[in-house]
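Quick notes on the structure that follows.
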Amino acid sequence: MTLEVTLVRLLSVVTWYHLAFFAISTAILGMTAGATRVYLRPQTFQGERLSAEVAKACVIFSFVIPISLLALCMVPIELFGSMMSIVALFIATLACALPYFFSGTVITAVLTKYQMPIGKLYGSDLLGGSLGCLFVLGGLEILDAPSLILLCGAGGMLSAMCFSWHGRNSRAVRFQSAFFAFFVIAAIVNSLSSLGIRPLYVKGHFEPPSVIHLEDWNSFSRVVVYYGRKGDPQYWGPSPNAPPKTVFQFPMTIDGEAGTTMGRFTEPGDIDHLKFDVTNVGYYLRPEGGACVIGVGAGRDVQSALLFGHEKVVGIEVNPIFIDLIEGEFRDFVGIADREEVSLVVDEARSYLSHTDDTYSIIQMSLIDTWAATGAGAFSLSENGLYTVEAWEMIFSRLAPDGIFTVSRWHDPENIGETGRLLSLAVASLLRLGVTNPSEHIALITTFRISTLLVSPKPLEETDLGRLDEVCGDLRYRLVHRPGSLPEQPALRDIVAARSEIELAAAASGKKFNYSPPTDESPYFFNMLTLSNLRHAFGPQRGVLRGNIIATLSLFALLISLAIFTVLTIVVPLALRRRFGVDTDVRATTLWSGALYFALIGAGFMFVEIALIQRLTIFLGHPVYALGILLFTLIASTGIGSLLSERLSLTRLPGLIIYPLLTAVCIVGLRFLLSVVISNMITSAIMTKILLSVVLIFPMGILMGLFFPTGMRLAKSVCAGETPWYWALNGILGVLCSALAVLFSIFIGISLNFYVAAVCYATVLLALAALYRAGQHDLF
């Protein structure tokens, strides 16, 4: 688990989040290949050879980790539509899969070949995985991702020592102890040097260590500060009338792509160029009162609020690295940490604003995107929860009566893209507040590649409009929409003119891309394709919209690839089983009943896991909680369920019938309970929300933990030789359905995953009936 999560973190740096999801998902197939090896070589993993073979696989696992790490850090991974880019992605996938082949061999042999209680073995495996989640959180606060991956090699050696000790091979234990120490020392030394193993290619671009001033990692980002230099000020959307100026600034990136700059601020003249950026146009209308900045980053927006004269500025930043830099090494340079009127908060914006009573004359959210996968995966971006109707309703509630919410996004004059969806989100949020004419509350300003949306709970007054006309004239911004003057672009005009949710749905439908407002049920602002309009994905697109379309297409490519591997996992082992001496004296009904059972529980578990992560990540807010609370609790509770299965009579009636039906009913109930809890408790204190999340997840995890050990007991009694293959099927269906669950969430809604999972667990009864009969019992 530690290796998997850290690889996702590393891959989010060296490539895009969708390619990271593709690579790690297909890499997990290495475990399936390892399970297939155990299945096809039964003589190798038995008797006195068993512990020695497992220890050897652990040692090889450790030795291939540095090889895989070097390949990922040296190969540029980016799709250009060329054969070489496909080869690079293949190399990255292979590099990720190689350690999993050997770890899959180990886990399969332990679960299927050792004559020990399966509930205890599987429970221990899951509890170890849950601790791996916490280890990543702590490890990436101390080490960088490459160093933590090296440390995983030490974990492999420690496992090898345990199996060698069990096999009474003291010589092997001494050898493995030496290499355990080697991997620990290598990880520490690598973390202390900027010249050690680190990514040379980031998002396809060469990044030599010589350009990096500072690098810092945590579980959801890698922040790099490059050496400072003099040059033109960094603008997002510069006014054509911006005067020439030279400033000293430090460029920065998050995961190699989402960039900003850290500018000097010792006096107002240092930052007066910020008045000529379209992202700050809202401050001309609300230059006084309290200001709230969502996404402090390098401190630029907080400096803007101070420049315009706000007497109270709250900066909210989800990433503690930025606040540490602003309050630490760059404290005097950035010049905001010591200002009495400034408060810097490390929290997720929606979470913080939901439990404060403060109101602001302006709330600014400029270009909040990282394109980085969270540690929990699931195609989840840490910024997804900020672009939903429910989030904006809450943000509006923190505005003063005449306050303004200003949001800036990427803009393409030839393709409305994000601008259209942003406008739709604003209209939907105002309609939820009971506003009858949203167009009177909205202004949209653009310049070059940036659009800035101004939204107010109250209609914009004539004084506001006069000031806005004046500013846009002086700075030569394009005023696309203002109250009383609808946009020229038909799609934008239809959206902003909507006066009901029905009219808005009609305005957003039938368009080239999906302009419907995202909600917490489907929080995918950046994914703008619809199933009915996939053909538009293959047309010429530019900029951010192109990247989002590629992300969606990569999900379809992943599904096709996984479907092919699933068929191969079913067909190839069965075709080769006789040649490799696997016992074939198993009735077809029994064989396929076991296969159906383990396939269904692998699929069902993953549908529940993805749905829970996607819903509760928004509820908890911070991406760290997705890993440290959600994934940890789900895996740990499943492990406890496995341990409890040793004490329950689940292979006999009536337990055989009760636990699948109870699980299916609880999954459906959990879907509705989650909606009630999230809608009523999202403004609660974070500890209350964490406790509620644990209470919701824990019973579900215990129930799902009963299935695998119970199925293994039944299978071992009637077809013991097939259990490694069943484990392989369980794994491959889990990986396939993780991608399928993401697809359902994006195009249909997260709730569908709960219903599909419930069907999977209910259908398990059919397989149980056949396995029960095969054990010479009569279920009916």
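Within 26 Å of the chain's Cα centre (by Cα) and either of a type in the set (Asp, Glu) or modelled with pLDDT of 90 or more (or both), is that true of residue 342? Please lay out each step first, then the result.
Numbers: within 26 Å of the chain's Cα centre (by Cα): no; either of a type in the set (Asp, Glu) or modelled with pLDDT of 90 or more (or both): yes.
Considered against the rule, which asks whether it is within 26 Å of the chain's Cα centre (by Cα) and either of a type in the set (Asp, Glu) or modelled with pLDDT of 90 or more (or both), residue 342 comes out as no.
Which ones in the stretch 33-49 are outside any loop (DSSP other than H, G, I, E, B) and open to solvent by 10 Å² or more (accessible area, probe 1.4 Å)? Talk me through it step by step, then tell me what you get.
Kept after step one, since they are outside any loop (DSSP other than H, G, I, E, B), are these residues of the stretch 33-49: 33-40, 49.
Passing the criteria: 33, 36, 37, 40, 49.
Scan the stretch 648-656 and give yes if some residue there is open to solvent by 10 Å² or more (accessible area, probe 1.4 Å), out of contact with any Ser or Thr (no Cβ under 8 Å at 6 or more places or on another chain) and either at positive phi or in a helix (DSSP H, G or I) (or both), otherwise no.
no
Take residue 465 and decide whether it is without any contact (Cβ under 8 Å) to a residue 40 or more places away in the chain, in contact with a strand residue (DSSP E or B) (Cβ under 8 Å, 6 or more places away or on another chain), hydrophobic (A, V, I, L, M, F, W, C) and not in a helix (DSSP H, G or I).
Here the answer is no, as residue 465 does not meet what is asked.
Would the stretch 478-492 turn up any residue that is in a helix (DSSP H, G or I) and open to solvent by 20 Å² or more (accessible area, probe 1.4 Å)?
Taking the stretch 478-492 and keeping what is in a helix (DSSP H, G or I), we get 490-492.
Filter once more, keeping what is open to solvent by 20 Å² or more (accessible area, probe 1.4 Å): 490.
Within the stretch 478-492, one or more residues are in a helix (DSSP H, G or I) and open to solvent by 20 Å² or more (accessible area, probe 1.4 Å).
Looking only at the stretch 137-151, which residues are of a type outside the set (Gly, Ala, Ser), open to solvent by 20 Å² or more (accessible area, probe 1.4 Å) and part of a helix (DSSP H, G or I)?
Listed by number, the residues that qualify are 137, 141, 142, 151.
Pairs only if they're at least six apart or on different chains, beta carbon under 6 angstrom, first in the stretch 633-661 and farther than 30 Å from residue 616 by Cα and touching a residue at least 40 places away in the same chain (Cβ under 8 Å), second open to solvent by less than 20 Å² (accessible area, probe 1.4 Å) and small (Gly, Ala, Ser); list them, first residue then second.
Close Cβ pairs satisfying both conditions: 646/119.
Which numbered condition in (1) open to solvent by 30 Å² or more (accessible area, probe 1.4 Å); (2) under 20 Å from the mean Cα position of the chain (by Cα); (3) at pLDDT below 90; (4) more than 15 Å from residue 607 (Cα to Cα) is the only one that residue 690 fails?
Condition not satisfied by residue 690: (1).
Looking at residue 452, is it more than 32 Å from the chain's Cα centre (by Cα) and either open to solvent by less than 10 Å² (accessible area, probe 1.4 Å) or among the polar types (S, T, N, Q) (or both)?
For residue 452, the condition - more than 32 Å from the chain's Cα centre (by Cα) and either open to solvent by less than 10 Å² (accessible area, probe 1.4 Å) or among the polar types (S, T, N, Q) (or both) - is not met.
Name the single residue that is surrounded by the most Cβ atoms within 10 Å (Cβ to Cβ) among those in the stretch 69-111 being among the polar types (S, T, N, Q) and more than 17 Å from residue 55 (Cβ to Cβ).
Step one: filter the stretch 69-111 for residues among the polar types (S, T, N, Q), giving 82, 85, 93, 103, 105, 108.
Those still in the list that are more than 17 Å from residue 55 (Cβ to Cβ) too: 82, 85, 93.
Values: 82: 9, 85: 15, 93: 21.
Restricting to residues being among the polar types (S, T, N, Q) and more than 17 Å from residue 55 (Cβ to Cβ), the top hit is 93.
Quick check on my filter: what residues within the stretch 255-275 are among the polar types (S, T, N, Q) and in a loop (DSSP other than H, G, I, E, B)?
Just the residues of the stretch 255-275 that are among the polar types (S, T, N, Q), to begin with: 260-261, 266.
Result: 266, single match.
Identify the residue in the stretch 109-136 that is among the polar types (S, T, N, Q) and part of a helix (DSSP H, G or I) and, among all such residues, is farthest from residue 722 (Cα to Cα).
Per the criteria, the residue is 130.
Return a yes/no flag: does the stretch 255-266 have any residue that is more than 22 Å from residue 343 (Cα to Cα) and modelled with pLDDT of 95 or more.
First, the residues of the stretch 255-266 that are more than 22 Å from residue 343 (Cα to Cα): 255-259.
Then drop every residue that is not modelled with pLDDT of 95 or more, which leaves none.
The answer is no; no qualifying residue exists.
Pairs under 6 Å by beta carbon, first residue closer than 15 Å to residue 298 by Cβ in the stretch 211-222, partner open to solvent by 10 Å² or more (accessible area, probe 1.4 Å) and not hydrophobic (A, V, I, L, M, F, W, C), six or more apart or different chains?
The qualifying pairs are 213/226; 213/227.
Taking the stretch 321-344 as the region of interest, how many residues are outside any loop (DSSP other than H, G, I, E, B) and surrounded by 17 or more Cβ atoms within 10 Å (Cβ to Cβ)?
Final tally of qualifying residues: 9.
Give the residue, chosen from 684, 693, 738, 717, that is in contact (Cβ under 8 Å) with a residue 12 or more places away in the chain and either within 22 Å of residue 659 (Cα to Cα) or aromatic (Phe, Trp, Tyr) (or both).
717
For residue 705, which of the numbered conditions (1) under 25 Å from the mean Cα position of the chain (by Cα); (2) open to solvent by 20 Å² or more (accessible area, probe 1.4 Å); (3) modelled with pLDDT of 90 or more fails to hold?
So the condition that residue 705 fails would be (2).
Consider residue 676 carefully, then state whether it is under 22 Å from residue 351 (Cα atoms) and open to solvent by 10 Å² or more (accessible area, probe 1.4 Å).
It is true that residue 676 is under 22 Å from residue 351 (Cα atoms) and open to solvent by 10 Å² or more (accessible area, probe 1.4 Å).
Please verify whether the stretch 276-283 includes one or more residues that are in a loop (DSSP other than H, G, I, E, B), open to solvent by less than 20 Å² (accessible area, probe 1.4 Å) and touching a residue at least 12 places away in the same chain (Cβ under 8 Å).
Yes, the stretch 276-283 contains a residue that is in a loop (DSSP other than H, G, I, E, B), open to solvent by less than 20 Å² (accessible area, probe 1.4 Å) and touching a residue at least 12 places away in the same chain (Cβ under 8 Å).
Looking at 66, 76, which one is of a type outside the set (Ser, Thr, Tyr), closer than 29 Å to residue 557 by Cα, in a helix (DSSP H, G or I) and touching a helix residue (DSSP H, G or I) at 6+ places or on another chain (Cβ under 8 Å)?
That would be 66, the only listed residue that is of a type outside the set (Ser, Thr, Tyr), closer than 29 Å to residue 557 by Cα, in a helix (DSSP H, G or I) and touching a helix residue (DSSP H, G or I) at 6+ places or on another chain (Cβ under 8 Å).
Report, by residue number, each residue of the stretch 231-254 that is in a strand (DSSP E or B) and open to solvent by less than 60 Å² (accessible area, probe 1.4 Å).
Answer for the stretch 231-254, where residues must be in a strand (DSSP E or B) and open to solvent by less than 60 Å² (accessible area, probe 1.4 Å): 231, 238, 247, 249, 250, 251, 252, 253, 254.
If we keep just the residues of the stretch 188-229 that are assigned to a helix (DSSP H, G or I) and under 20 Å from residue 137 (Cβ atoms), which is most open to solvent (accessible area, probe 1.4 Å)? Walk me through how you get there before you give the answer.
From the stretch 188-229, those assigned to a helix (DSSP H, G or I) are 188-192, 209-211; that's our starting set.
Filter again for under 20 Å from residue 137 (Cβ atoms), leaving 188, 190-191.
On the way: 188: 87, 190: 15, 191: 36 Å².
Going through the qualifying residues, I end up with 188.
The values are calculated or read from the model by the stated rules, or taken from the named source; none is laboratory data. Quick caveat, the model's predicted, so the values are computed rather than measured. Backbone-built Cβ (ideal geometry, glycine too); neighbour counts: all protein chains shown. Heavy atoms of the whole protein, side chains included, go into the accessibility calculation; ligands, DNA and RNA do not. Shrake-Rupley method; radii C 1.70, N 1.55, O 1.52, S 1.80 Å.
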